[in-house]
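J.: Here you go, one structure.
Coordinate-derived values only; no laboratory data. In this text the structure is predicted, and so the values were computed from the model without any measurement. Methodologically, a virtual Cβ is constructed for each residue, glycine included, from the backbone with ideal geometry; neighbour enumeration extends over all protein chains shown.
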Amino acid sequence: MDRTGFAPVASRMRNGHSATELPAHAKAFILDFLKISKMADRLIFLGSGGSRVVVATQVVATGGFIIQLGHHQIWIDPGPGALVRAKECKVRASDTDIIFCSHHHIDHSNDINAVIDAMTIGGIRQKGVLISTKTTIEGADDNGPILLNFYKKSLKETYPLAPGDSVKIGDLTFIATPTDHDCDAIGLRLETPYGAIGFTSDTAYSPKLAEALKGCTILIADVLRPGNEKWKTHMNSANVAELFKEAKPRIGIITAFGMKLLKANPAWEARDIQKESNVTVYAAREGLKIDLKTLMVS
Ligand SMILES: [Zn+2]
């Protein structure tokens, strides 16, 4: 032994062990640790804001959210500032291989080209797919496309979907859900080995929305206004309570807050929705994480 208490490598080798060989229990610990790291399937919010005033002021971020699952990193609705928020939340943008963009409004689509640039090393390495609407990918009715031609070529595939369409990638199935918004928009029901993750996108409430998102494990709902304050193309807190009551997710998350909802306090709105729907509800915030295996929220 030297003065540090560690046996020198040479003496360990004399005892019949090579310098790189580890005792069985240490090997098992490291293998277990690597397994745990690989199994850290989770959802991370890079923003909780929506609407024009919140985008312009960035009082809360508009980066969308990330699902890390198996070997996939899925980026949902990368709005303005998405790359900056990813860095703040220690998410490597270059690991992304699937982008889902619900519609072409700027708070949902602004940074799709920037994310593709990051994941394809400036367009050099062809990689990944974009799942979105026809307007976002190809342009329609004087709107879009949002996806630049250069970055379209650097993706492996693009999938323009309408409600009811689906795309299967490995053991994941992306199903486009219906919306009542003021443009070509889709929500998402993502079927995973942990159950379904639902995302309403911007939409008014309708029974068909609740039907499409019924039984999701996690249901993420965009909510613009607090209480029962009406806005015809978006949900308020009362609408989300109705949705959660009908769809019965194990966990409900509210996000994409407008300024009035932020002033009312998202945590209190979540509490009211929980009381009304009898579903556990959290308000999204930058850095909020959900472990997909255990549903632990941190
Ligand atoms: Zn919108």
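J.: Taking a ≥ b ≥ c as the square roots of the eigenvalues of the Cα gyration tensor of the range 127-244, is the shape rounded (a/c under 1.5), prolate (a/b larger than b/c) or oblate?
T.: Oblate, since a/c reaches 1.5 and b/c is not below a/b.
J.: When you have a sec, figure out the Kirkwood radius of the range 220-263 from all distinct Cα pair distances and drop it here in Å to one decimal?
T.: Final number for the Kirkwood radius of the range 220-263 is 10.5 Å.
J.: Can you tell me the relative contact order of the range 197-298? Whole percent, Cα pairs under 8 Å, sequence separation 6 or more.
T.: 25 percent
J.: Need the full-extension length gain, Arg125 to Asp165, defined as separation in residues times 0.36 nm minus the C-alpha distance. One decimal, nm.
T.: Extending this stretch completely gives an extra 11.6 nm.
J.: Once Rh for the chain is found with the Kirkwood sum over Cα pairs, what is the Stokes-Einstein diffusion coefficient at 10 °C and 1.306 mPa s, in µm²/s?
T.: For the chosen part, D equals 78 µm²/s.
J.: Using the Cα centre of the chain as origin and beta-carbon charges of +1 (Lys, Arg) and -1 (Asp, Glu), tell me which of Ala176, Leu224, Leu190 is placed farthest towards the positive end of the dipole.
T.: Of the options given, the answer is Leu190.
J.: Listed here are the pairs Lys230/Lys260; Lys152/Lys289; Lys90/Lys260; Lys245/Lys289; which of them are more than 19 Å apart at the Cα?
T.: Over 19 Å Cα-Cα: Lys152/Lys289; Lys90/Lys260; Lys245/Lys289.
J.: Moving on. Taking the beta-carbon count within 10 Å as an exposure proxy, list Val281, Val223, Val84 from fewest neighbours to most.
T.: Sorted ascending by nearby Cβ count, the order is Val84, Val281, Val223.
J.: Continuing with this model, one more query. If you place +1 on the Cβ of every Lys and Arg and -1 on the Cβ of every Asp and Glu, how big does the dipole about the Cα centre of the chain come out, in debye to the nearest 20?
T.: 1060 debye
J.: What FRET efficiency, computed as 1/(1 + (r/R0)^6) with R0 = 30 Å and r the Cβ-Cβ distance, is obtained for His71 and Asn278, rounded to the nearest 0.05?
T.: Rounded to the nearest 0.05, the efficiency is 0.25.
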